[in-house]
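The values are calculated or read from the model by the stated rules, or taken from the named source; none is laboratory data. None of these values were measured; they are calculated from a predicted model. As a convention, Cβ positions derive from the backbone with ideal geometry for all residues, glycine included, and neighbour counts pool all protein chains shown.
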Amino acid sequence: MSDFIQALNRLISMLDDIQPIPSTGKLMNINLIGHFGLNRRLVCTKIAILTVVFLWMSPSISLASDTKVITSKVQKLASKSRNQSINWSTSSYPDSPQVDQIDDYHGQAVADPYRWLEELESQQTVAWAKAQNKLTESLLDHQSIAEIKSNIQAYSNFHTIGALSFRGDYKFYLKGWSGTSTAALFVESIKDGKPRHLAGPDILNKPAKKLTKKPETSKQAEQISGYWPSPDGKHIAVLQSKIGERWGQLLVMDVASGKVLSEISEGITVGLTGISWSRLNKKFLLTRFDAEGKQRRPVNARIEVFKLSDRSLQPVFVPDEKEDRTRLSLGAAMLTDSNRFVVSLRNGSDAQNRIMLMDLDHPKSPALPLFDKLTANRLYLGNKGDQLWFYTDEEAVNGKVVRLDIKQPRKQQVVIPESANPISANSRVGGNALGMFGERIALTYLEAGGYFVKGFDLNGKSIFQFDVPASGSIWGGFRGDPETDDFYYSFLGVGQPSSFYRVDSNGKQTLVAAPELPFDMQITAKRIYVKSTDGAMVPVVIAHRKDLDLSKPKPLFLYGYGGFGWVSFAWYQPHLMEWFARDGIFAVAGVRGGGEYGTPWHEAGVKHNRQNAIDDYVASSEWLIEKGLTSQHQLVANGGSFSGALAASAVAQRPDLYAAAIIDFPILDLIRYVEFGQARFWISELGDPALKDDFEVLLSQSPYHGLSKSKCLPATLVRVGQYDNITTPMHGYKYVAAAQQKRRCEQPVLLDIMEGAGHNYGSNPEEIAHANAVALSFIAAQLARKQSDEKKLTRR
């Protein structure tokens, strides 16, 4: 009997060491040993008893003599299970040759041994990238990926509405699968309410949930990057582009027939080209650019007018030679009751701009300066005749609204004075929500990292106020007709995707459109405050399932951004729903560099102050661990695009805090970043390596240059978009090559090239679900390994 007990105890212990196959949670494909919610030890005990009883009763096995054999077989089984997750110790990285590339910056020699990986289309780079992708695929559990992918697709198997607008007798909106940036433009007659496809990919009849295998390499998919209907709704300008491309084409269409009247295919840039229609519906202004060099960078911005009558294009504003035409961005807005228009001139993503007024009826007349000094940010809100309303933060760090008369532009009247709460108006990457609609001015205010909306009349009298829940944010700004008081906004919540509301002149909100979700999972979110290194209070939004037991640490996914004055928030993402189903927590740290407390918060985290943002991220990580929400064996660091460097720097400085890191389409070479994509527009945030002081800070914080041989970083998955022209894949390529060469640790550094992706996770639900299933499978394998290591240390 003692032999039986001995074998039983050994078998229980060995089974308990087996790495769990990641559970698929809510959708019922539950692996009993791996599911977080079951008593793992009890399940292992039951399996062990059945196994040992079977072996004991077998006439061919002597339990007394073969205990060591049984234990050995179980040990091999446990080892095999671990290796199926990720074979950490025997990973063989593809060869990454180093070249003797030394650059001189301000008298300092800087090595760049992986410069060759900047040539994305060279045979050597293509072969290297394929080998890296193949390695990543070989190390991950394909069954786990397939199951997770299927679940993610279930969480995206519904349509969402975006960019809702009403003009004339029509309602316009983008419609597509949840969690994707690819959507089609639809129009409905308000009279009959029948939807009609107008432009964009016809994807709506393709089910989101289909294949479970990895998709083949895809072509660049088309997307709608913006649309602008005329005031009467009879014509529309639609910007179409391919995923990841910065250049697109503008279609001018007749709404009733759906016929394309004209196509402007040159000089149209995604994210920089804007449209403003004349109130008479016969013409519109647009911003066009030239393409410079091999990278085809947008330069030489100018404003042109398109006339419907003869389909002609004519320049109406060309900046003079003294402007920095390599970084200058322009915006134009027609006044509502004349051919006059406002022009905004801004260098890159700078906070300051200038404003001038021009007249299409007098194109040769000089521009009238309204704000001619680069001392503040100004945003045009609207006009009534010669009276113009602007937002500005000039001599008002929290912002104010002023009114001026065109006849006496120097005499400005403060209509809505600065308050203790900043107006949310200074983000350079979206999220601002303010405007003038009929007799109302609507402003979004920041309060301790959150929001509330206030409505005023045109003289500044407060009319209404309502709060925005911490579980999400207003996205896409306010939309409405400048002639009517009503306006619309889209609320994006972590558990509530893209719901549209109408706000009337008294502030009453009415739900206009919301998706029907094919599942029922209640998500809760709250905002807490963490003290950073220097005492600054960092707002952190924490989201999880309402029924989640928080008495023990849970896997936690920590995201941060901290750039361009954007107020980060938690929004609906299908893969996060799968994360929540697996008992995970999602947190967003509002680090400095963002706009959570207005302009001072933004300025405290950019350029030479960037270390503050990293400190805020690390402090948030420490707090989440100290409060028992997670542990260093369960915390996953995440950043993407501009904030890829934030997460990479945090894990480099404090690798002990994190179990894994997911770095998405990042910018990681901070010395050469200005040479690629649209990054030259980011100089005001990061600094200019051509300036000595900026260079020294950038070099000290550049993740690519700062990799250390002495530190073992967490397991890291770097994900890049196949067609990304914003932060090109070269950043991820060079970082991964350098990290693999310098680190000989058990934790891997892997690369995932997301098929079909631009500056996102893919062009359709299939590709996006696969990319995020790879990431969740990678995380699950690493967390399981960390938990196993922790148990072994506890037993010792």
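For (1) under 23 Å from ILE523 (Cα atoms); (2) among the small types (Gly, Ala, Ser); (3) in contact (Cβ under 8 Å) with a residue 12 or more places away in the chain; (4) in the same structural domain as ASP534 (by TED's automatic domain parsing), each residue gets a yes or a no:
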position: PHE557; (1), (2), (3), (4): yes, no, yes, yes
position: GLY560; (1), (2), (3), (4): yes, yes, yes, yes
position: GLY563; (1), (2), (3), (4): no, yes, yes, yes
position: TRP566; (1), (2), (3), (4): no, no, yes, yes
position: LEU576; (1), (2), (3), (4): yes, no, yes, yes
position: VAL591; (1), (2), (3), (4): no, no, yes, yes
position: GLY598; (1), (2), (3), (4): no, yes, yes, yes
position: GLY605; (1), (2), (3), (4): no, yes, yes, yes
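Every listed requirement among (1) outside the structural domain of ILE753 (by TED's automatic domain parsing); (2) in a loop (DSSP other than H, G, I, E, B) is met by LEU120 save one, (1). Taking the stretch 465-506, which residues are assigned to a loop (DSSP other than H, G, I, E, B), within 27 Å of LEU335 (Cα to Cα) and touching a Phe, Trp or Tyr at 6+ places or on another chain (Cβ under 8 Å)? Answer for the stretch 465-506, where residues must be assigned to a loop (DSSP other than H, G, I, E, B), within 27 Å of LEU335 (Cα to Cα) and touching a Phe, Trp or Tyr at 6+ places or on another chain (Cβ under 8 Å): GLY480, ASP481, PRO482, THR484, ASP485, ASP486, ASN506. Count of the stretch 145-165 residues, restricted to those that are touching a helix residue (DSSP H, G or I) at 6+ places or on another chain (Cβ under 9 Å), surrounded by fewer than 24 Cβ atoms within 10 Å (Cβ to Cβ) and among the hydroxyl-bearing types (Ser, Thr, Tyr), is 1. Scan the stretch 619-639 residue by residue and report those that are crowded, with 20+ Cβ neighbours inside 10 Å and assigned to a helix (DSSP H, G or I). Scanning the stretch 619-639 gives ALA619, SER620, SER621, LEU624. THR533 passes every criterion in (1) touching a Lys or Arg at 6+ places or on another chain (Cβ under 8 Å); (2) within 24 Å of ARG592 (Cβ to Cβ); (3) surrounded by fewer than 15 Cβ atoms within 10 Å (Cβ to Cβ) apart from (1).
Yes/no matrix, rows are residues, columns are (1) over 19 Å from THR287 (Cβ atoms); (2) surrounded by fewer than 20 Cβ atoms within 10 Å (Cβ to Cβ); (3) of a type in the set (A, V, I, L, M, F, W, C):
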| position | (1), (2), (3) |
| --- | --- |
| LYS307 | no, yes, no |
| VAL318 | no, yes, yes |
| ARG325 | no, yes, no |
| LEU330 | no, no, yes |
| ASP337 | yes, yes, no |
| PRO363 | no, yes, no |
| LEU368 | yes, yes, yes |
| LYS373 | yes, yes, no |
| GLU394 | yes, yes, no |
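The set of residues from the stretch 591-618 being surrounded by fewer than 24 Cβ atoms within 10 Å (Cβ to Cβ) and either in contact with a helix residue (DSSP H, G or I) (Cβ under 9 Å, 6 or more places away or on another chain) or within 20 Å of ILE663 (Cβ to Cβ) (or both) comprises GLU603, ALA604, LYS607, HIS608, ASN609, GLN611, ASP615, VAL618.
Scan the stretch 525-545 and tell me whether some residue there is out of contact with any Ser or Thr (no Cβ under 7 Å at 6 or more places or on another chain), of a type in the set (Gly, Ala, Ser), assigned to a loop (DSSP other than H, G, I, E, B) and closer than 30 Å to GLY385 by Cβ. No, the stretch 525-545 contains no residue that is out of contact with any Ser or Thr (no Cβ under 7 Å at 6 or more places or on another chain), of a type in the set (Gly, Ala, Ser), assigned to a loop (DSSP other than H, G, I, E, B) and closer than 30 Å to GLY385 by Cβ. When the stretch 281-333 is filtered for residues that are among the β-branched types (Val, Ile, Thr), more than 17 Å from ARG354 (Cβ to Cβ) and part of a loop (DSSP other than H, G, I, E, B), only THR326 remains. Within the set SER649, SER641, SER631, the sole residue that is touching a residue at least 24 places away in the same chain (Cβ under 8 Å) and out of contact with any helix residue (DSSP H, G or I) (no Cβ under 7 Å at 6 or more places or on another chain) turns out to be SER641. Just checking, does the stretch 106-114 include any residue being among the charged types (D, E, K, R) and within 30 Å of SER700 (Cα to Cα)? Within the stretch 106-114, one or more residues are among the charged types (D, E, K, R) and within 30 Å of SER700 (Cα to Cα). The criterion of at least 2 residues that are in contact (Cβ under 8 Å) with a residue 60 or more places away in the chain is met, among strands (runs of 3 or more DSSP E) falling completely within the stretch 343-385, by 378-384.
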